[in-house]
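Since the structure comes first, as structure tokens, the remarks are kept for the end.
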Amino acid sequence: MANNVPAAEALATIGDNNNTSGAGAGAGAASSSSDMHMNNNNKAAIPQLPESSGEKNIPVLKLGETMKFEHLGPVIINADGTTRRIDNWDEMTEHEREVTWRRISKRNQERIEALKREQKAEQGGDEKK
């Protein structure tokens, strides 16, 4: 009892089949192909992005350019190579930020070097096998 209806058309009719008035679970499956075509035409349009507001404070990034996010604080590199940021960066004083930035920069360099050594050791071990 397979119905040779393309999957997209079958999915489009599911919502309509659920609205039948107590006709049973498979009652909508017997609808004609013209009904299915009509259902496809009644689909809502794809949502579009809103028009540009023309606001001058919105930064524009062009291909190849970089953007700094220093206002969010330093990126912390964890020992396993994952990254995170400081949750309370916006609550720190300027002095605390300077000290924290210096310490994290130094620790990040150490962790990057350790991760590179570990990666080289793993690659060297793989080549010997």
Can you name the residue in region 81-112 that is among the β-branched types (Val, Ile, Thr) and part of a helix (DSSP H, G or I) and, of all such residues, is least open to solvent (accessible area, probe 1.4 Å)?
Ile104
Looking at region 41-57, can you tell me whether even one residue there is modelled with pLDDT of 75 or more, under 30 Å from Gln119 (Cβ atoms) and either in a loop (DSSP other than H, G, I, E, B) or of a type in the set (Lys, Arg) (or both)?
no
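The values are calculated or read from the model by the stated rules, or taken from the named source; none is laboratory data. Please read these numbers as outputs of a predicted model, since none were measured by experiment. Reconstructed Cβ throughout: ideal geometry from the backbone, glycine too, with neighbour counts over all protein chains shown. Each accessible area value is taken on the protein alone, full model and side chains, heavy atoms only, with ligands, DNA and RNA left out. Shrake-Rupley method; radii C 1.70, N 1.55, O 1.52, S 1.80 Å.
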